[in-house]
1. By how many nm would the segment from A:Arg521 to A:Val204 lengthen if fully extended, with 0.36 nm per residue of separation less the alpha-carbon distance?
2. What number, rounded to the nearest 500 deg cm²/dmol, is the helix-based mean residue ellipticity at 222 nm of chain A, given -39500 (n - 2.57) per DSSP H run of at least four residues and division by all its residues?
3. How about B:Lys448: which lysines have a C-alpha closer than 16 Å to its C-alpha, ignoring those fewer than 8 places off in the same chain?
4. Total accessible area buried between chains A and B, 1.4 Å probe, in Å² to the nearest 100?
5. ³J(HN,Hα) across segment B:352-368 via Karplus (A = 6.51, B = -1.76, C = 1.60, θ = phi - 60°), whole Hz, x for Gly/Pro?
6. I'd like the FRET efficiency for A:Asp48 and B:Glu431, computed as 1/(1 + (r/R0)^6) with the beta carbon distance as r and R0 of 60 Å, rounded to 0.05.
7. Let me know the volume per residue of the alpha-carbon convex hull for segment A:267-502, in Å³.
8. Counting pairs of alpha carbon atoms under 8 Å apart in space and at least six apart in sequence, what relative contact order in percent does chain B give?
Amino acid sequence: MAEAATAPAATASDRKHYDFDLRPDQFTHWQLSVEGDIARLVMNVQEDKGERDGYVLKLNSYDIGVDIELASSIQWLRFTHPEVKCIVLSGALDRVFCSGANILMLRTSAHAFKVNFCKYTNETRLYLEDASASSGMKTLAALNGTASGGGYELALAADRILLVDDRSSAVSFPELPLLGVLPGTGGLTRVVDKRMVRRDLADVFSTVAEGVKGKRAVKWNLVDRVAALSKFPEVVEEEARALADSVEKTTTPGIELARIAPDYRDDGFDYEYVKVDIDEATRTGSITLTVPDSVGPSNADEAYAAGAAWWPLAAFRQLDDALCHLRLEYLEIGTFCLYTRGSADVMLGIDAVLESGKDHWFVNEVRHFLKRALKRLDLTARSFFAIADEGSCFAGTLLEMALAADRFYVLNDPDSPVTLGTSTMNAGPYPMSNGLTRLQTRFLGTPDSVDEILAVGGTFDAEQADDLGLATFAPDIIDWDDELRLAIEERASFSPDGLTGMEANLRFAGPETMETKIFGRLSAWQNWIFQRPNAVGERGALNCYGTPNRPEFAYART
Amino acid sequence: MAASIDYESKIPNNVELSSDKRLQRALEHWLPKYLDWWNEMGPTDFNDKEIYLRTAVSVDSAGWAQFGHVKMPDYRWGIFLAEQEPNKKIGFGDHAGEDAWQQVPGEYRNWLRRMIVTQADTEPASVEQQRLLAHTAPSLYDMRNLFQVNVEEGRHLWAMVYILHTYFGKDGREEAEELLERRSGNPDHPRILGTFNEPIQTWLDFFCFTMFTDRDGKFQLLSLAESGFDPLARTCRFMLTEEAHHMFVGQTGMGRIIQRACELMKEHPDSNPREHGGIDLDTIQRYINFWSSSSNDLFGGEVSSNSANFFGGSLKGRAWEMKKHEDHSALEAFKTLEIWDGSKVVSETVPMRNAMNEVLREEYIEDNQKGVNYWNKIIDEYGIDYELRLPHRRFNRNIGVFAGTRFDIDGNLMTEEHWDERKGDWLPSDEDREYIKSLMVPCHEQGKIAGWIAPPNKGINGNEFDFDYVRL
């Protein structure tokens, strides 16, 4: 695999920058329209408008640019069109829904990019499922033609899958037979875990490149329904209506979701409440999140009136955006310190509004957004050390950031007081991928500790935080600088691959869910396969696909 | 059911059908459905007429072309493979030199099945497209030729179904049934390739179709006739003997229309042949432009992963692979193609294996040119200064790198606006189509022919033109 040639640039000056927050009028590859309580997302990928040169996005195949538009669509709909009850996904091409991630794009991408691309697309698929579960925004995958590979994986994220029955359109996973890799965007997991297709049938399905169509696709539960070509539009309407009618929703207007983008500087980038500092020389950085001077909106209606400017939404959208930029643009910066600035009391005051207003659709959406942003932090393959120093406010929602971090350093010195705290937001609204709260995951062996911490209520100091088991280390001011410096320098010296593997294993203790399996098993195996000669060696299947050469495998099984 | 079918007499074959229980069982199921399909989608209105048809009863020189009057539903659709060569070796691709496969290799099962199904789907499709044409036949001779083409397309379906039934198990049987379920132009389950969903409404279209579109079939068969999967290669080799007649129908049919136009031009030098019930050469040129460009599309994209896979896997070779080419690996070879880079035509050198579609298209265009030369000779014989031509391969494409961009008949880039202005000069207009339709008046009297086409020089199988080719 020639990594160097096409790897995203590694230095500040020629770093490629992405825009993760797009609006429908900026879309290139999707047509989004909203009519009453139904939104239509039509995939119409522009072949020659890929994110970079070197590949053509044939047959509605996608790259990161296509997926950013999809992710933006879902976020935008949830806030701006809360009345939408059903999203209808379909393809604009004749007899093709979507043919998955572009193979040439994958082949010509560096490994680290592939992994991050895959992670981002996985998160987007989960967005669809979260919109359904948390916002009553259902998805109908209206497969107007063949859905192969990532195309079918996208459909699997929908609540219902409708496939046209024209005697040739199929759903398929050609990855293994054609490319020697996996349908790694949740595909294998969702087939058996979500749709509960029998494992032997799933085995057959995943090894037949052309897939399964018509009645058999229904019988195997790969799709929910098939409809004849001439009846298809009619059945799409019927299905969309039924999904929309299955939920009750607000009729209050949505909010304007102001676009966000970082202000770049040579050594980092900034937003209103989030500041990212980068030190290229030491491959370290920091993310600092600032709480406003006052609580601001004191109830749901005021928060709704503030809209996108309301601090929790604004700050966490900035954090979420920053994580995306760090993942795809600052690959070599491996260790981050997480800082907070402001008053713990203000933070807990904001949490009180998040709690008291939870029945308001807008506050509900904000809570779920915070949940997703925190999950994105959990799933970011960088080392995170949360640093509770003087002026920090790791309380309530912000305590979650510390709990998401790999380690939590708390300054414990009477001359430099540090205030921390808990709120009801630590008790359930922000579950991790494993379905548990971060406190529950942290204290898996001593569940009583969770109750003990939550029982404290309100703010507490560093000493108590240490006693409660929240601090990894709690040095005093004498040792503080040195301890931190040594920890960070040591961390930055370790193998980045070893760290990624170790962190991913330690962060998600506890039960398995479909989500943890997607990231921890499917993606991990996929990433392993993506590195193996049988896929990316000179005669590996992914490298040979579409070339005159046929793959040559090393047949030893591991 | 089994006992009621006398396989050897009903189904001429050289695949030992009478002792092949598995094939018999598969056919028992499929045969009634095939007949249902023929009765529903074939030239049904002529089912009870006796037609002078050629039937293949064996693959030797005495048996492959037996003529006689027969009702189409009683036509003996047979299963024939070209004779097996002893110790046959695979000729090209990564398996060159290995023994030819007599069974489907597991690793290529899916690709082979897809190739076979795609090819097979076109055979019944053309019957469906042409099903009403006989009503407006310009002569009994032409009507007979149409039916000959139809029954042979039916036999080609049989040939492909034989392969599916014999070598692809349950999946193969299901695919064989679906070949009968998809229907040309059906809104719910259309044929796989777009071109095969448009009805053939006039005889000018029919002759163009058999000239240009069936010739795509010829080249697909030529490349499959090289396949390392021997039963497929042998099947295709025998199909080619029949396919030649289809192109003969197209090429000479067009030639006779051109001849008639020339006659009218000579008789009435100062007026358009249309005024005398003929078809003018300009209109003929527009039909040539339309059909040859849409048939160019059938070869697929200029640069193709599938073509590389199929050649590398020794599944689909080039036309006359063994006769015409020396490097049968084509792994180190490259081909320079013209492609469209989004703003201009550029030359690009690509691995030969990925360019196999274009290699086949080039051979095809060369073959088409021979037909055009034949027509120009006719025009020349009348001393008329006019030359028919093929449009540039970039012209009017809907598949491949030139799709979506406009090129004139010489391949020069043009704007969408300019194209809208000029396309009426190059492609049949609504008015052209209306005029051609207006000529489609049946001439079903023995020995007579419609006024827009000349009679053939000779009839079928040594018979005169004035012969009861169809007993109406």
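The values are calculated or read from the model by the stated rules, or taken from the named source; none is laboratory data. These figures come from a predicted structure and were not determined experimentally. Methodologically, a virtual Cβ is constructed for each residue, glycine included, from the backbone with ideal geometry; neighbour enumeration extends over all protein chains shown. In case anyone asks, the SASA skips ligands and DNA or RNA and just uses the protein heavy atoms, side chains included. Shrake-Rupley method; radii C 1.70, N 1.55, O 1.52, S 1.80 Å.
1. Contour length minus the Cα-Cα distance gives 112.1 nm.
2. -11500 deg cm²/dmol
3. B:Lys458
4. Protein heavy atoms only, the A-B interface buries about 2000 Å².
5. 3, 4, 6, 9, 4, 4, 6, 4, 5, 5, 4, 4, 4, 5, 4, 5, 4
6. So, using R0 = 60 Å, E works out to roughly 0.95.
7. 120
8. Answer for chain B is 19 percent.
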